[in-house]
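Let me begin by presenting the structure, written as structure tokens, before commenting on it.
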Amino acid sequence: MKNKLIEKIVRIAHKANEGHIGSSLSILDILFVLYNDILNVESIRKNDLDRDRFILSKGHASLGLFVILSEFNLLEENVFNFCEFNSSLGGHPCDKLKFVESSTGSLGHGLPIAVGMALSNKIQNFNGNVYTLIGDGEANEGTIWESALLASHHKLNNLFCIMDHNHSGDRALNIDSIMDKFNSFGWECLEVDGHDHIELIRSMSKKCSKPTFILANTTKGKGIDFMENNPEWHHKSPTDEQLKEIIDKL
Amino acid sequence: MRKQLVKSVEKILSEDTNTVLLLGDIGVFGFRNSLKKHPNRAYNIGILEQSTISLSAGMSKTGLIPFVHTIAPFLVERAFEQLKIDFGYQNLNGNFISVGASYDYASLGCTHHCPGDVNILYAIPNMEILLPGTSKELDSLINECYDNGKPTYYRLSEHENDFSNDVKVGRANLIKKGSDATIICFGNSLSSVIESTKNMDVTILYYTSVRPFDGDLLLDNFNQNIIIVEPFYEGSVNFEVTKTLKDKKYSLYNIGVPREFIMKYGKKEEVDKFVGLDQKSINENINKILCRI
């Protein structure tokens with residue numbers, strides 16, 4: 001199953017000559033678990049006002065999101081149209097696409113929007129939880145920490161912020177002691193292997209009185225050996241030869 | 001105008017349970033009754049304007065109608081990208097209400113001035129821009145469009161016109177009819193414009209809505225000499241005027257806040273005089289224009 005999804009991501013990126021493959025692969029297990037085990041997908045499909053919501057704050061990994069939405073029949077367009085002129089499937093998600101909760105792309109927007117949704121759910125006595133996925137590089141943005149403060153102050157225990165810790169930020173402004181930081185902001189903090197489905201399910205199912213921060217340790221480019229932890233593949237598409245090599249290996 | 005804002009929003013909060021108020025640690029004493037009466041829908045959210053705008057977008061997406069209020073530069077300039085992407089791009093219902101206008105807080109210096117707000121927000125497609133000239137007009141405009149499904153900016157000032165007009169979003173008012181020029185003025189500049197042109201044979205059009213812009217009234221009152229009086233950066237609404245008058249030949253003159261940092265303190269009236277927006281300066285500038293014609 002997983003190799004099938006990886007192959008799809010790579011084939012699409014090859015066809016479109018576009019897509020952040022490295023991040024799409026590092027978040028693939030997290031997204032799969034979210035849609036397979038955590039979110040109430042039927043409620044999402046029915047567009048209930050009171051529903052679980054997911055925001056991909058690190059919007060550049062949209063290709064990974066679209067492949068997962070397609071897998072769970074939440075995509076009305078052929079995912080292979082990715083980044084075509086008339087497609088709704090862009091290099092960053094747009095909320096005009098059904099089942100995409102928010103447009104993202106500029107980093108540091110998704111988490112505060114998720115905070116607003118979680119607070120709104122509290123105000124309206126809704127039961128739905130709000131999940132958002134940020135990157136470790138994204139945590140350079142001040143709005144991440146403003147939001148951390150807000151979520152804790154308003155006791156948003158219906159909010160889950162998952163960090164795709166694929167070390168993208170290491171080459172610029174590395175965030176040390178991430179767990180300590182979120183902990184000191186008043187969040188429930190859990191650290192998991194971001195590719196281990198059991199650990200992911202446990203962390204995202206845990207109920208507590210605080211907002212939950214999940215540090216998901218991941219590998220950028222996971223599943224394709226020459227892409228793993230190779231920054232060259234942050235935003236690059238495979239050549240015909242590389243595509244053949246990847247498919248052979250998978 | 002702030003007292004009216006409190007009254008108008010308090011009433012809406014009481015009548016419409018889908019509304020929420022978010023204060024950026026500004027106007028907290030004024031809104032004390034709302035904060036007490038609606039603890040789940042009225043918040044002094046803190047001094048974090050960027051996240052406040054995004055947070056309010058999240059609320060808007062889940063069925064609530066936010067009112068966000070703070071001083072103009074922090075609302076517009078600090079949180080510009082959040083207004084652009086979270087509200088403009090996604091075209092969400094939200095109400096952004098500033099105070100301070102261009103330099104109401106003259107004595108506090110350039111950090112608290114915001115003559116660029118109209119020009120800046122005009123760069124965001126979908127963003128409505130409203131400039132009530134009096135408290136009564138504010139009440140009318142806010143009630144007309146707070147729940148219209150769009151992002152809307154309200155530019156409030158502590159300085160009001162001497163009388164109110166019957167205002168509607170997207171509709172301007174014909175104040176006076178004349179033949180030498182058509183003067184387009186905005187928000188709280190109307191009284192100064194009327195006084196400074198009382199002996200002149202000019203048309204005065206009064207706009208409380210920059211977007212949507214009432215091009216029809218301008219076309220109906222077209223004159224080969226168009227003078228725009230803007231109590232914000234000069235030329236901020238030129239595009240709407242030139243777009244409306246695209247097939248016409250005319251001369252265009254701007255009287256507004258110069259595009260420079262105002263390195264002065266003092267009172268708003270002193271800055272008006274310094275930048276040429278007091279009654280006497282407006283009169284002299286319009287006279288000069290009419291003499292050149």
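The values are calculated or read from the model by the stated rules, or taken from the named source; none is laboratory data. Given the structure is predicted, the values throughout are model-derived calculations rather than measurements. Because the Cβ atoms are built from the backbone with ideal geometry, glycine has one as well, and the counts that use them run over all protein chains shown.
Of all the strands (runs of 3 or more DSSP E) wholly in segment A:133-250, which have at least 3 residues that are under 30 Å from B:Gln82 (Cβ atoms), away from chain B (no Cβ under 14 Å) and of a type outside the set (D, E, K, R)? Write out each step before concluding.
Values: elements: A:159-165, A:188-193, A:212-217.
By residue number, A:159-165, A:212-217.
Please enumerate the residues belonging to segment B:53-93 that are more than 7 Å from chain A (Cβ to nearest Cβ) and outside any helix (DSSP H, G or I).
B:Ile65, B:Pro66, B:Phe67, B:Val68, B:His69, B:Thr70, B:Ile71, B:Ala79, B:Asn91, B:Leu92, B:Asn93, listed by residue number.
Out of contact with any strand residue (DSSP E or B) (no Cβ under 8 Å at 6 or more places or on another chain) and farther than 20 Å from B:Asn285 by Cα, is that true of B:Gly215? It would help to see each step written out before you state the result.
Working: out of contact with any strand residue (DSSP E or B) (no Cβ under 8 Å at 6 or more places or on another chain): yes; farther than 20 Å from B:Asn285 by Cα: yes.
When the stated conditions are applied, B:Gly215 passes them.
Which residue out of B:Asn126, B:Asn161 is without any contact (Cβ under 8 Å) to a residue 40 or more places away in the chain and surrounded by 17 or more Cβ atoms within 10 Å (Cβ to Cβ)? Can you show your working first?
Details: B:Asn126 fails: surrounded by 17 or more Cβ atoms within 10 Å (Cβ to Cβ).
Being without any contact (Cβ under 8 Å) to a residue 40 or more places away in the chain and surrounded by 17 or more Cβ atoms within 10 Å (Cβ to Cβ) holds for just one of B:Asn126, B:Asn161, which is B:Asn161.
Could you tell me whether any residue of segment A:26-37 is at pLDDT 95 or above and surrounded by fewer than 17 Cβ atoms within 10 Å (Cβ to Cβ)? Break it down stepwise before answering.
First, the residues of segment A:26-37 that are at pLDDT 95 or above: A:26-37.
Pick out the ones that are also surrounded by fewer than 17 Cβ atoms within 10 Å (Cβ to Cβ) and you get A:36-37.
Yes, segment A:26-37 contains at least one residue that is at pLDDT 95 or above and surrounded by fewer than 17 Cβ atoms within 10 Å (Cβ to Cβ).
Search segment A:104-117 for residues that are at the interface with another protein chain (Cβ under 7 Å from one of its Cβ atoms) and pair each with any residue that is assigned to a loop (DSSP other than H, G, I, E, B) and at pLDDT 95 or above when their beta-carbon atoms are under 7 Å apart and the residues are at least 6 apart or on different chains.
Short answer, once both residue conditions are applied: A:His109/A:Ser57; A:Ile113/A:Ser102; A:Val115/A:Leu156; A:Met117/B:Thr62.
Residue by residue through segment A:84-93, note down the ones that are without any contact (Cβ under 8 Å) to a residue 60 or more places away in the chain and either farther than 12 Å from A:Phe66 by Cβ or facing chain B (nearest Cβ under 8 Å) (or both).
Start the filter on segment A:84-93 by keeping residues that are without any contact (Cβ under 8 Å) to a residue 60 or more places away in the chain, which leaves A:85-90, A:92-93.
Within segment A:84-93, A:Phe85, A:Asn86 qualify.
Only one of B:Gly88, B:Gly58 is at pLDDT 95 or above, farther than 17 Å from A:Ile123 by Cβ and assigned by TED's automatic domain parsing to the domain that holds B:Ile120. Can you tell me which?
On the way: B:Gly58 fails: farther than 17 Å from A:Ile123 by Cβ.
One residue alone meets the criteria, B:Gly88.
For every residue, the table says whether it meets (1) buried (at least 20 other Cβ atoms within 10 Å of the Cβ); (2) in contact with a helix residue (DSSP H, G or I) (Cβ under 9 Å, 6 or more places away or on another chain); (3) in contact (Cβ under 8 Å) with a residue 24 or more places away in the chain.
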position: B:Asn18; (1), (2), (3): no, no, yes
position: B:Lys37; (1), (2), (3): no, yes, yes
position: B:Ala42; (1), (2), (3): yes, yes, yes
position: B:His69; (1), (2), (3): yes, yes, yes
position: B:Glu77; (1), (2), (3): no, yes, yes
position: B:Gln82; (1), (2), (3): yes, yes, yes
position: B:Asn91; (1), (2), (3): no, no, yes
position: B:Gly94; (1), (2), (3): yes, yes, yes
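Here's the yes/no breakdown for (1) buried (at least 22 other Cβ atoms within 10 Å of the Cβ); (2) not in a helix (DSSP H, G or I):
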position: A:Ser43; (1), (2): no, no
position: A:Asp48; (1), (2): no, yes
position: A:Phe85; (1), (2): no, yes
position: A:Gly91; (1), (2): no, yes
position: A:Leu97; (1), (2): no, yes
position: A:Asn121; (1), (2): yes, no
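What tally of residues in segment A:50-81 results from selecting those that are part of a helix (DSSP H, G or I) and within 25 Å of A:Gly135 (Cβ to Cβ)? Show your work before the answer.
Step one: list which residues in segment A:50-81 are part of a helix (DSSP H, G or I), which gives A:59-71, A:79-81.
This time we only want the ones that are within 25 Å of A:Gly135 (Cβ to Cβ), so: A:59-71, A:79.
Of the residues in segment A:50-81, 14 are part of a helix (DSSP H, G or I) and within 25 Å of A:Gly135 (Cβ to Cβ).
Taking the stated definitions as given, is A:Asn158 within 29 Å of A:Trp233 (Cβ to Cβ), modelled with pLDDT of 95 or more and of a type outside the set (Gly, Ala, Ser)? Please lay out each step first, then the result.
Numbers: within 29 Å of A:Trp233 (Cβ to Cβ): no; modelled with pLDDT of 95 or more: yes; of a type outside the set (Gly, Ala, Ser): yes.
No.
When segment A:123-132 is examined, which residues are found to be in contact with a helix residue (DSSP H, G or I) (Cβ under 9 Å, 6 or more places away or on another chain), assigned to a loop (DSSP other than H, G, I, E, B) and either within 8 Å of another protein chain (Cβ to nearest Cβ) or closer than 19 Å to B:Ile85 by Cα (or both)?
Pass one, segment A:123-132, residues in contact with a helix residue (DSSP H, G or I) (Cβ under 9 Å, 6 or more places away or on another chain): A:123, A:126-132.
From what is left, the residues that are assigned to a loop (DSSP other than H, G, I, E, B) are A:126-129.
Hit for segment A:123-132 is A:Phe126, nothing else.
Quick one: would you say A:Glu138 is under 16 Å from the mean Cα position of the chain (by Cα), of a type in the set (Asp, Glu) and on the phi < 0 side of the Ramachandran plot?
Values: under 16 Å from the mean Cα position of the chain (by Cα): yes; of a type in the set (Asp, Glu): yes; on the phi < 0 side of the Ramachandran plot: yes.
In short, yes.
Among the residues of segment A:194-213, write down those that are buried (at least 19 other Cβ atoms within 10 Å of the Cβ) and over 17 Å from A:Gly169 (Cα atoms). Give the derivation first.
Filtering segment A:194-213 down to residues buried (at least 19 other Cβ atoms within 10 Å of the Cβ) leaves A:194-195, A:199-200, A:203-204, A:211-213.
Residues satisfying the conditions are A:His195, A:Glu199, A:Leu200, A:Ser203, A:Met204, A:Pro211, A:Thr212, A:Phe213.
Checking the structure you have, find out if any residue of segment A:184-196 is out of contact with any helix residue (DSSP H, G or I) (no Cβ under 8 Å at 6 or more places or on another chain) and either closer than 30 Å to B:Asn40 by Cβ or modelled with pLDDT under 95 (or both).
Yes - at least one qualifying residue is present in segment A:184-196.
If you check B:Gly46 against the conditions, is it at the interface with chain A (Cβ under 9 Å from one of its Cβ atoms) and at positive phi?
Numbers: at the interface with chain A (Cβ under 9 Å from one of its Cβ atoms): yes; at positive phi: yes.
It is true that B:Gly46 is at the interface with chain A (Cβ under 9 Å from one of its Cβ atoms) and at positive phi.
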